[in-house]
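The values are calculated or read from the model by the stated rules, or taken from the named source; none is laboratory data. What you see is a predicted model, and the numbers here were worked out from it, not measured in a lab. As a convention, Cβ positions derive from the backbone with ideal geometry for all residues, glycine included, and neighbour counts pool all protein chains shown. Accessible surface areas use protein heavy atoms only, side chains included; no ligands, DNA or RNA. Shrake-Rupley method; radii C 1.70, N 1.55, O 1.52, S 1.80 Å.
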Amino acid sequence: MRKQVLILSVFSVLISFSTCAINFSRVNVAWQYDVNFPVKMAHRVVDTEKGTIIFLRVSADSLRSWEYEFLVQDGFETEAHRTLQRITIDSLLDVKNQTVLKIEIPEMKEKLLIVKFSKPENFYYYDISLQIGVLSYPAIYPVDENGLPILEKYINRSGFSWKGNDSFLAMKYVEAFPPADPPMADMKPLAPQVNMDTAFAFGEGVVFEENNFYVVRKDSLATSGVTMLRIPPYFPEYRQLGELIESMLYLTSEPERKAMLASKNPKQSFDSFWMNTFSTKSRARNAIRKYYNWVENANILFTDFKPGWKTDRGMMYIVFGKPDEVYRTGSSEEWYYDDGSAFEFTIISTFFAPKTYSLRRKIDFEEQWYTQIAAIRSGINE
């Protein structure tokens, strides 16, 4: 590990001393939901007694072709701005197309860190919230077999451990969270409702069982924790028939799903649905490939305490596609499409689910939904 202050050999990092803050609620961050965008970022925030640590991973075809700046301000909608006096950056990983940084900021009072990356005439922003509602971030975090921090909210492999304390407390829940509510379904409670299975203490190493959700805390008195979904190693793909049928929820009608699940031969029923809908094997094969690619992308982008396709944002991503414009505040996120469609998600924070994005229903949503589903089923092969 090579500790450096302000300047990294991986790429040029500029610390901004600008006196002008960004009204982030007017910044389009739709690039963050484009899985083919040339730059990808992920992060994890850790609070310690000495200050705030941000682990940041940047992946790109050419890291050095972009310039990077760090901006800090009071929030998403703000005019206040404070100059960073001190910042320490460790380069934890430096390979051809990826770097992992450890950014240490003492006595952090602001609520938003913004990474601006740019080329001539093109610039983009990546926002890192330094506070979750009224909650603080935990001082513990998971690491992989190489000691690098795990930045995703899920683990699909063994060989991980935990840092930040000598012992930890885990609360285990069976991953049985229902998927998002289609417009014709009865709405479920906004905050997740589930009963804890078991609680246990452990050291740095621990084995988490697949298809279970965990909240890990420093100890029983901790007021914050790390949420982590343990899923199979092939995730974010789906390969098991039960997973494939379940994630067809947004494409099928209730009678179609019930017929598949009640069938003596679910595999045959699954194949028949796609064949009956798309007429030929080649068209059905193409439709299956496209649909489950959407499901996989939703899992990559939106997985939190449940797989991404089950979330409200995952549902809208699968049905309506990647939004053309995304605007974010500390309490909501708005999606806009070029065809005039628009959706808003309210951000709800609880200890169990630090950030839950709940879709605000509209009067005409059901009609809009059925129109879009019909368009998918007739045009998925285009």
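Overview of results
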| item | result |
| --- | --- |
| Any hit, segment 220-240, residues being part of a helix (DSSP H, G or I) and among the aliphatic types (A, V, I, L, M) | no |
| Cβ-Cβ under 6 Å pairs, at least 6 apart or on other chains, segment 133-147 side closer than 13 Å to GLY205 by Cβ, far side of a type in the set (A, V, I, L, M) and surrounded by 14 or more Cβ atoms within 10 Å (Cβ to Cβ) | PRO142/ILE150; ASP144/ILE150 |
| Residues of segment 358-374 classified as open to solvent by 30 Å² or more (accessible area, probe 1.4 Å) and either hydroxyl-bearing (Ser, Thr, Tyr) or under 30 Å from THR223 (Cα atoms) (or both), total | 3 |
| Any hit, segment 76-96, residues being open to solvent by less than 20 Å² (accessible area, probe 1.4 Å), among the aliphatic types (A, V, I, L, M) and touching a Gly at 6+ places or on another chain (Cβ under 6 Å) | no |
| Test: GLU296 is in a helix (DSSP H, G or I), charged (D, E, K, R) and closer than 30 Å to THR346 by Cβ | yes |
| Residue match in segment 337-349 (condition: within 21 Å of PHE24 (Cβ to Cβ) and buried (at least 19 other Cβ atoms within 10 Å of the Cβ)) | yes |
| Some residue of segment 193-208 being farther than 30 Å from LYS290 by Cα, at pLDDT 85 or above, among the polar types (S, T, N, Q) and open to solvent by 30 Å² or more (accessible area, probe 1.4 Å) | yes |
| Among (1) more than 22 Å from the chain's Cα centre (by Cα); (2) open to solvent by less than 10 Å² (accessible area, probe 1.4 Å); (3) over 30 Å from ILE231 (Cβ atoms), the one test that LEU63 misses | (3) |
| Single unsatisfied condition, ALA259 versus (1) aliphatic (A, V, I, L, M); (2) open to solvent by 70 Å² or more (accessible area, probe 1.4 Å); (3) without any contact (Cβ under 8 Å) to a residue 24 or more places away in the chain; (4) assigned to a helix (DSSP H, G or I) | (2) |
| Test: residue in segment 218-230 that is touching a Leu at 6+ places or on another chain (Cβ under 9 Å), of a type in the set (A, V, I, L, M) and modelled with pLDDT under 90 | yes |
| Residues located in segment 322-334, provided they are buried (at least 17 other Cβ atoms within 10 Å of the Cβ), touching a residue at least 60 places away in the same chain (Cβ under 8 Å) and outside any loop (DSSP other than H, G, I, E, B) | VAL326, TYR327, ARG328 |
